[in-house]
Amino acid sequence: MNPDQTRTPIVDALNAYLGIVRFHMPGHRGGKGADPVLLSVLGERALAYDVTGVPGMDDLQEPTSCIKEAQALAASLFGADQSYFVVNGTSGAIQTMVLATVDIGDSIIIPRNIHKSILSAIILAGAKPVFLPTTYHPYLGFSLGVEKGALEECLTQNSDGLRSKAILLVTPTYYGTAQDLTDLSELVHLHDKLMLVDEAHGPHFHFHPVLPKPALQCGADAVAQGAHKMLGALTQASLLHVKGQKIDGARIKASFQYLASTSPSYLLLASLDAARKQMAVEGRELLDFAIGLAEDLRKEVNNIPGLYCFGEEITDHPGVDAFDPTKVTITVRELGITGYQAEEYLRKEHGIQVEMSDFYNVLVIVSYGNTPEDVNLLVDALRDLVNAVAEGRVPKKLLKCHESIHQVPYLPEMALIPREAVQSPWERVRIEDSVNRISAEVVTCYPPGIPILYPGEVISQETLDYLEGVKHLAFGISGPEDRTLTALRVVKKT
Ligand SMILES: Cc1ncc(COP(=O)(O)O)c(C=O)c1O
């Protein structure tokens, strides 16, 4: 029998706890001792609900009551065998699943343009990354998905010599392009490996037929989801789902315990409980509304000369089977400005903050929390942006030479696993003196957002030439301690 998804066990337990006289942490004692500034920010109720795992509530590490029930409700709704409530972000969920499935010295197959939490998971696990090529959209300027042939080649090439346990794929992308993982999961399982999925941007896929197929329905063994990103949970609150018998339940529980706080915030846990109930009860209608709003926005944007917003046609591109219409990518390159400039203009001149921008695009996420008025304001602001560029109020900074930055060098050789590289003694050397040294840091230039160096990789002359050539063209350098790229952190010679 399906459990009653209208229940909210954690919220109920909190409500029952409100009358208790507290002689326990946190020090503000349900708000009575809180500084007025904090009280004015959070309000009395939020502070009254700010408890942790005291008797009377539950223990996130060894749940037996309200958390256990709430996690079981989530597992049933998402079609998992076990779901975990994660309070340290989707990063925490990703780290848990990698730590639970990969042994020291094992390799893990990943695309190169992963979120930094996957690198930190690989460092924690002491694993060796093996990189899988992804498709790339040259006009939009971002990476898409993985082709089956490329995965097959990678699995066959690495079938001996390297002990690879798992493949970790990222779908959907930040921009909402998605892959149906059914075939890829079959292939991965045929090779006796695990399919792990970073579905940070797709927890809502379960709740509307127009949205891409969720990874759990495509044969994934474990899936990390950002409930705070695309559902209504509080910031940081995330989910980890496990399905099937391939992953050792005791090991995933142990990994969860290694990484989870022993004092989790019940505000975060209650928000996961409520977000799950909201989706179960009215997810379809709420998402109908959000998708409708997003489609209106997409249509309006595509009517503004100089702007483009991809739709269904993106699925013609290799590495894309479906897309999430609530992610609206507004491509501004025909205006001759960068996405970064557009984002800044919208914030400074119109008080509108988008989700993020890159070289050619601004990314807008439309949720059921938005209104038609929000969309109208954004459309008016975009029209004004186009006029501002035409009138020279926004300078055209998109230079042709920036295109060279997309020609990233060939994969460097990996001499040490990332964990050894970051945990070994290191030194800073001038970039021109770093050739043939082993990088102790990751270096990513934006665009294209694909790491040029991972910790443990040998710095070749080709990589150096690329970095020298593009460091003044990049709009952002992420990873290295010295973001001017004058010096690089390298592993000390022994
Ligand atoms: C694809 C992807 N995975 C994982 C994460 C990590 O999520 P969190 O910030 O919740 O730790 C992010 C964050 O933006 C992300 O975009």
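What strands (runs of 3 or more DSSP E) completely inside the stretch 101-181 contain at least 3 residues that are within 13 Å of the ligand (Cβ to nearest atom)?
Output list reads 164-170.
When residues of the stretch 357-376 are filtered for being part of a loop (DSSP other than H, G, I, E, B) and either out of contact with any strand residue (DSSP E or B) (no Cβ under 9 Å at 6 or more places or on another chain) or without any contact (Cβ under 8 Å) to a residue 60 or more places away in the chain (or both), how many remain?
Within the stretch 357-376, residues that are part of a loop (DSSP other than H, G, I, E, B) and either out of contact with any strand residue (DSSP E or B) (no Cβ under 9 Å at 6 or more places or on another chain) or without any contact (Cβ under 8 Å) to a residue 60 or more places away in the chain (or both) number 5.
Return yes or no: is residue 31 more than 16 Å from the ligand (Cβ to nearest atom) and modelled with pLDDT under 95?
Taking the combined requirement at face value, the residue does not satisfy it.
What number of residues within the stretch 75-92 satisfy the criterion of being part of a loop (DSSP other than H, G, I, E, B) and β-branched (Val, Ile, Thr)?
1
Can you find, within the stretch 182-198, the residue that is farthest from the ligand (Cβ to nearest atom) among those that are closer than 24 Å to residue 163 by Cβ and charged (D, E, K, R)?
Selected residue: 192.
Of all residues in the stretch 80-100, which are within 13 Å of the ligand (Cβ to nearest atom), buried (at least 24 other Cβ atoms within 10 Å of the Cβ) and small (Gly, Ala, Ser)?
93
For residues that are in the same structural domain as residue 247 (by TED's automatic domain parsing), small (Gly, Ala, Ser) and not in a loop (DSSP other than H, G, I, E, B), scanning just the stretch 43-74, find the one that is nearest to the ligand (Cβ to nearest atom).
So the residue we want is 74.
Which residues, taken from the stretch 297-325, are among the polar types (S, T, N, Q) and within 17 Å of residue 342 (Cα to Cα)?
Matches in the stretch 297-325: 302 only.
Which of (1) more than 20 Å from the chain's Cα centre (by Cα); (2) at pLDDT 95 or above; (3) under 26 Å from residue 133 (Cβ atoms) is the odd one out, the single condition residue 363 does not satisfy?
That leaves (1) as the condition not met.
Residue by residue through the stretch 451-494, note down the ones that are touching a Phe, Trp or Tyr at 6+ places or on another chain (Cβ under 9 Å), surrounded by 17 or more Cβ atoms within 10 Å (Cβ to Cβ) and modelled with pLDDT under 85.
Within the stretch 451-494, 474, 475 qualify.
Give the stretch 390-438 a look and list any residue that's of a type in the set (Gly, Ala, Ser) and over 25 Å from the mean Cα position of the chain (by Cα), or say none.
Once the filter is applied, which keeps residues that are of a type in the set (Gly, Ala, Ser) and over 25 Å from the mean Cα position of the chain (by Cα), the stretch 390-438 yields 390, 392, 404, 415, 424, 434.
Are there any strands (runs of 3 or more DSSP E) wholly within the stretch 388-494 with 1 or more residues that are touching a helix residue (DSSP H, G or I) at 6+ places or on another chain (Cβ under 7 Å), and if so which?
Correct list: 443-446, 451-453, 487-491.
Of all residues in the stretch 12-34, count the ones that are under 20 Å from residue 65 (Cα atoms) and among the charged types (D, E, K, R).
Number of matching residues: 1.
Residues in the stretch 199-219: is at least one within 12 Å of the ligand (Cβ to nearest atom) and β-branched (Val, Ile, Thr)?
Within the stretch 199-219 (the criterion being within 12 Å of the ligand (Cβ to nearest atom) and β-branched (Val, Ile, Thr)), the answer is no, since none of the residues qualifies.
Just give me the residues in the stretch 176-193 being buried (at least 24 other Cβ atoms within 10 Å of the Cβ), touching a residue at least 60 places away in the same chain (Cβ under 8 Å) and on the phi < 0 side of the Ramachandran plot, in sequence order.
177, 178, 179 - these are the residues of the stretch 176-193 that are buried (at least 24 other Cβ atoms within 10 Å of the Cβ), touching a residue at least 60 places away in the same chain (Cβ under 8 Å) and on the phi < 0 side of the Ramachandran plot.
The values are calculated or read from the model by the stated rules, or taken from the named source; none is laboratory data. For clarity, every value in this text was computed on a predicted model and none was experimentally measured. Positions of Cβ are backbone-derived with ideal geometry, glycine not excepted, and every protein chain shown enters the neighbour counts.
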